[in-house]
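Reviewing the structure listed below.
Throughout, read-outs are computed from the coordinates displayed, never taken from laboratory work. Since this is a predicted model, take the numbers as computed values, not measurements. Here Cβ is always computed from backbone atoms with ideal geometry, including for glycine, and neighbour counts include all displayed protein chains.
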Amino acid sequence: MNSLQPRTIGAVNYVGLYTLVKREVGRFVNVYLQTIVAPVITTLLFYTVFALAFGGVAREINGLPFLEFLAPGLIMMTMVQNAFANTSSSMVIAKVQGNIVDILLPPLSPIEIYVGYVVGGIARGVVVGGVTGLVMSMFVDIHIHSWFYILSYGVLGTLLLSSLGLAGGIWSDKFDHIAAVTNFVVTPLTFLSGTFYALESLPEFWQKLAHYNPFFYMIDGFRSGFIGVSDGNLTLGLVYLLVINIGLATLSYRMLSTGYKIKA
């Protein structure tokens with residue numbers, strides 16, 4: 001039975017879906033030094049550089065110590081980057097090594113494949129973000145202002161990058177292709193999202209342009225859940241991210257259902 005063919009509406013292969021999620025989560029847990037510890041150390045290095053080399057200890061933004069402003073943005077940044085890395089690397093490795101048939105042959109529908117990969121990406125993002133937050137709390141005061149914004153923006157952000165990583169992985173024929181997506185899309189949008197600065201510090205043109213960057217809303221909304229201050233409209237940000245998530249989910253589903261670049 002071809003797993004990419006439509007099945008009876010309402011029929012869900014829970015065992016297969018659970019197995020796929022377990023495999024995707026197990027992938028990054030089994031190599032935790034590379035997938036969890038390394039990103040945490042990298043984020044702490046960013047934090048250290050901005051705290052010491054750029055005088056972050058004495059600076060303030062929006063009346064807050066710069067390091068308190070910086071910490072949530074760094075946590076969110078590492079969450080979404082790792083969510084993207086999990087789904088994209090998993091799909092590209094499966095295609096390059098030829099074991100993509102392990103996903104295509106079982107009776108899994110396109111939506112089940114999508115959910116399985118994306119849940120794995122979200123799980124990695126949340127785990128890395130949680131560990132990073134715990135470690136950072138030893139160096140800076142981290143306050144919780146709104147769990148709603150922390151959770152909603154955290155889930156929408158990691159979901160968006162997981163979907164983008166899956167779509168990018170399906171499109172890529174080799175590791176160089178997904179590296180190009182990382183280097184020319186994910187990394188620039190992340191660094192131009194306001195992670196390291198307040199939006200008001202930019203010229204007016206760049207402020208307006210930033211409002212089209214979904215990474216800006218991820219960082220800004222997630223940060224507001226900690227510090228209670230935002231540069232953008234939080235409701236608009238949620239709607240904007242939701243719309244983009246729907247678009248990327250539809251794209252990924254379409255790729256899987258048609259077998260684009262994953263079956264002969």
The chain - Kirkwood radius from inverse mean 1/r over Cα pairs (Å): 19.1
Relative contact order, percent, the chain [alpha-carbon distance under 8 Å, six or more residues apart]: 27
Candidates Ala180, Ala83, Ala210, ranked by Gaussian network fluctuation over the chain, Cα under 10 Å, top entry: Ala180
Dipole in debye (nearest 20) - the chain, about Cα centre, beta carbon charges: Lys, Arg +1; Asp, Glu -1: 860
Pair Arg23, Ala198: separation of 7 Å Cα→Cβ label points (nm): 4.9
Using alpha-carbon coordinates, inclination of helix 214-227 to the longest axis of the chain, degrees: 50
C-alpha long axis of helix 66-97 to longest principal axis of the chain, angle in °: 20
Distance between the stretch 162-195 and the stretch 105-130 - C-alpha centres, whole angstrom: 17
Estimated distance in nm for a label pair at Val49 and Val239, the labels positioned 7 Å out from Cα along Cα-to-Cβ: 3.7
From phi via Karplus (6.51, -1.76, 1.60), per-residue ³J(HN,Hα) for the stretch 242-248 in Hz, x at Gly/Pro: 5, 5, 5, 4, 4, x, 5
With Cα atoms, 0 to 90° folded angle of helix 147-171 axis to the chain main axis: 50
Extended-chain gain in nm, criterion 0.36 nm per residue less alpha-carbon gap, Ser137 and Lys263: 40.7 nm
Dipole of the stretch 22-258, positive end: most advanced residue of Ala249, Ile113, Phe50 [Cβ charges, Cα centre]: Ile113
Pairwise FRET efficiency - Asn62 versus Ile144, Cβ, R0 = 22 Å, nearest 0.05: 0.80
Where Cα atoms sit under 13 Å apart: lysine pairs in the chain separated by 8 or more or lying on different chains: 4
